[in-house]
Amino acid sequence: MKKDIETVIKEMLVSSIGQISRERGISLEGGPPVEVERGRREGQGDWATNAAMQWAGAFGERPLEMARRIVSLLPENPLVERVEVAGPGFINFFLSRSWMSGTIEHILELAGDYGRSDSGGGRRVQVEFVSANPTGPLHVGHGRGAAVGDICARILSFTGWDVEREYYINDAGLQMELLGRSTQSRYFEICGRPGEVPFPEDGYKGGYIFDLARQLLDSEGERYLDIPPGESLPFFTRYANEVILEDIRKTLENFGVKFDVWFSEKSLYDGIKIPKMLETLKKNGFAFDADGATWFKATAFSDDKDRVLIRSNGVPTYFASDIAYHKNKYDRGFDMVIDVWGADHHGYIPRMKAAVQALGRKEEDLQILLIQFVNLHRGGQQVSMSTRSGEFVTLEEVIDEVGVNATRYFFAMRRSDSHLDFDLDLAKSASTDNPVFYVQYAHARIHSIFREAAARGVAMPKPSEVDLSLLVEPEETSLVKRLSAFPGEVEKAAADLAPHRIVFYAYDLAGDFHSFYNAHRVLGVGPELEGARLVLSEATRVVLANALSLLGISAPEKM
RNA sequence: GCGCUUGUAGCUCAGUUGGAUAGAGCAACGGACUUCUAAUCCGUAGGUCGCGGGUUCGAAUCCUGCCAAGCGCGCCA
C-alpha cells in the first residue's frame with residue numbers, strides 16, 4: 001500500500017473543500033484542520049469526518065448543506081465504495097473490497113514490521129524505570145513499573161525512537177547504611193551474640209536479611225565478631241548491596257526486562273558533578289544562597305516553593321543529586337527523558353520539571369509516568385502488604401506463581417495511573433476468564449489450523465494467488481478492519497506512553513478472530529475460499545504476534 | 001489548610017486534543033461441539049458517566065463550586 005487510507009481520505013476532502021473555497025473566493029487560511037476518524041459503530045462508515053460542521057461557519061452554510069456540497073465534489077477513488085451524509089453533518093466513508101485485499105497483502109508483505117513506523121525519527125530517548133533501592137527484593141509495585149517501563153521502551157523503539165533502558169541505583173545515603181547495620185545486627189544475632197550490635201530503629205526487618213547474614217556466616221565464618229562494628233560496617237553494607245542488586249537484576253531478566261545502563265547514584269558524588277550542576281544553575285540565574293544554604297529558585301517555574309540544594313551543613317540534598325543526574329542524562333545526548341515513578345512521588349514532579357527547565361531544556365523533554373499501587377487479591381481477599389514490617393509479596397513470587405506472560409499482561413492491562421487489582425487466582429487460571437490465555441489461544445488456534453492444513457496437504461498460498469474479494473462475511477470484514485487499525489493504535493500508545501492500549505487492542509483482535517472462527521470454517525470450504533481464509537488467518541497471526549511481542553508476551557503455537 | 005490523582009453497569013475497567021444511540025470483561029439468565037483446540041462463540045438483561053451550575057449547534061470529555069477515596073506537602077531519601 002503506497003499511502004494509508006486516512007491520508008487518502010483527507011486528501012479527497014481537502015481537494016473538495018479547496019474547490020468550494022475557490023468558487024466562493026474564501027481563503028482556507030487559518031481554518032480548522034481536516035480530521036478523519038474511524039467509524040464508531042455499524043452504519044457510520046469505516047471512516048468519518050466532521051469537516052462539514054467545522055467549515056460550515058466559514059462558508060456561511062448550514063452544516064448539512066455543506067456536507068452535501070463537499071460530497072458532490074469528492075474525487076473518485078477505487079478504495080472508497082460510497083460516501084454518505086448523516087446526522088448533523090457527518091460525512092461517512094465506506095471502504096471497498098479492493099481496500100480490504102490491499103490491507104491483507106500489505107500486512108503479509110511487512111510481516112513482523114507491520115505497525116512499525118519512523119515517527120520517532122531516530123531521536124534518542126531514555127526510559128529510566130524500576131530504580132528501586134537495593135535494600136530488598138523487588139515487590140509487586142516495582143513489577144508494575146518494570147512491565148510498563150519495558151513495554152513503553154518496546155513501543156517507542158517500534159515507532160522509530162532510539163531507546164535506552166536505565167536503572168538508577170540509589171546506593172548512596174542513609175538507606176544503605178541502614179541496610180548494612182540491619183545485616184550486621186542479624187549476623188551478631190545468629191552467631192549467638194544478640195544485642196551486641198543493636199538492630200536499628202528503622203531497620204529492614206524482612207527475613208531476607210537473616211538469609212544474607214546466614215550466607216555471610218557460611219562464607220566468612222565468625223571473624224567479623226572480633227572486629228569493632230564501626231569498622232566492619234562498610235563490609236556489611238557493600239555485601240548486602242551487591243547481593244541484593246544481583247538478585248534484583250536476575251529477577252528482572254527472568255521477567256524479560258534488560259537494562260542497557262545501571263547508573264550508580266554514588267557516581268554522582270565524585271566531587272565534580274554536583275558543583276558543575278550548581279554552576280549551571282547559577283549561570284542561568286536559578287540558584288541563590290540564603291540562611292547558610294544554597295537554594296534552587298523553583299518558584300521561577302511552576303513549583304510553589306524554592307528548594308534547598310546544599311544544606312547549611314554543606315551536605316547536598318537528594319534533590320541536588322537528582323538534578324545532577326538529570327543534567328547528566330541530557331549531557332549524554334538524549335532528546336527526551338522518561339522517568340517512571342511510583343504515584344506517591346507525584347509531589348516531586350513540579351520541582352523536577354522546574355529543574356529541567358532551569359538547565360535550559362524544554363519542559364516536555366522530561367516525561368514522568370506515574371505508576372499507581374497494585375492490590376493483590378487471592379481467594380477474593382486482598383493480600384495485605386507492608387514494606388516496613390517486611391511482609392510483602394515479591395515480584396519473584398508472583399512470577400513463580402502465575403508465570404511471566406500473565407504477570408506482564410496484568411501489570412499492563414490498566415492505565416498506569418489508575419489503581420490495579422491483580423487477581424492471582426485469575427491470572428494463573430487456564431480458563432475462559434483469563435484474558436492472557438484468551439489472546440494467546442487465538443494465536444495457537446491459528447497455528448492449529450495451519451497444522452491441520454499441512455496434514456491435509458494444503459499449503460499456505462501467496463496472497464497474490466488467492467481471490468481475497470471472496471471475504472465478504474461480516475466476521476471477515478470486522479477482522480480486516482481491526483487488522484488495519486494496528487499501526488494507528490501503536491502510534492497512539494507511543495504518543496501517550498500507554499501500554500494498556502496495546503493490551504486492549506490485542507484482546508479485541510483475539511475476540512474478532514474467535515468470532516470468525518466460530519462462525520466459519522477455514523478448511524474444507526472449497527479451494528478458492530479456503531485459500532483466501534488461510535491468508536486472512538495468517539495476516540491475523542502476524543498482527544497478534546506483533547502486538548504480543550510489543551508486550552513481551554509469548555505467542556505460542558500450541559496450548 | 002494547600003496541591004496532585006481518581007470517581008463511568010452489581011464487580012473490574014476502556015473511552016476524555018468536544019461529536020452521532022456511552023463500550024468491554026466478569027457475575028446473572030438463555031442457547032451453540034459427529035466437522036480446523038468449547039481455554040471458544042451467539043443472545044438477553046444491566047447506566048441520573050460522583051452531585052450542582054456554566055460554555056457550545058453538540059459535554060463522560062472543557063470551565064466552576066461542592067462531595068467522596070487515595071497520595072503528597074522536610075535543610076528526609
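A few notes on this one:
- Unit Cα scatterers, Debye sum, region A:174-248: log10 I(q)/I(0) for q = 0.21 Å⁻¹: -0.85
- Contour minus Cα-Cα distance for A:MET559 and A:ARG68 (0.36 nm per residue): 171.5 nm
- Extension gain (nm, one decimal) between A:TYR438 and A:GLU452, 0.36 nm per residue minus Cα-Cα: 2.9 nm
- Projected area, mean over directions - chain A, Cα convex hull, nm²: 33.6
- Coarse-grained scattering of region A:432-551 at q = 0.17, 0.19, 0.23 Å⁻¹, given as base-10 log I(q)/I(0) from a Debye sum over alpha-carbon atoms: -0.84, -1.01, -1.34
- Temperature 25 °C, viscosity 0.890 mPa s: under these conditions the Stokes-Einstein estimate for region A:106-233, based on its Kirkwood radius over C-alpha pairs, is 135 µm² per second.
- Cβ-Cβ FRET estimate between A:SER515 and A:ALA343, R0 fixed at 41 Å, reported to 0.05: 0.65
- Averaged over residues, the count of other Cβ atoms within 10 Å places the peptides A:199-210, A:479-490 in the sequence A:479-490, A:199-210, highest first.
- Peptide packing: for A:498-506, A:254-262, the average count of neighbouring Cβ atoms within 10 Å per residue gives the ranking A:498-506, A:254-262, highest mean first.
- Gain in span if fully extended, A:GLN19 to A:ARG116, counting 0.36 nm per residue against the direct Cα distance: 31.4 nm
- Mean residue ellipticity at 222 nm, helices only, chain A: -16000 deg cm²/dmol; runs of at least 4 DSSP H residues each add -39,500 (n - 2.57), and the sum is divided by the number of residues.
- Isotropic mean projected area of the C-alpha convex hull, region A:38-132 (nm²): 11.1
- Centre separation in Å (Cα based) which lies between region A:285-315 and region A:495-559: 55
- Gap separating the Cα centres of region A:403-458 and region A:116-134, nearest whole Å: 26
- Whether region A:318-455 is rounded, prolate or oblate, judged on the alpha carbon gyration tensor where a/c under 1.5 counts as rounded: oblate
- For chain A, share of DSSP beta bridges that run antiparallel, in % to the nearest 5: 50
- Across every pair of non-identical alpha carbons in region A:19-71, the mean reciprocal distance, once inverted, gives a Kirkwood radius of 12.0 Å.
Since every read-out is calculated from the coordinates, none of them should be taken as a lab result. Small disclaimer: the values here were computed from a predicted structure and weren't measured. Cβ atoms come from the backbone with ideal geometry, glycine included; neighbour counts cover every protein chain shown.
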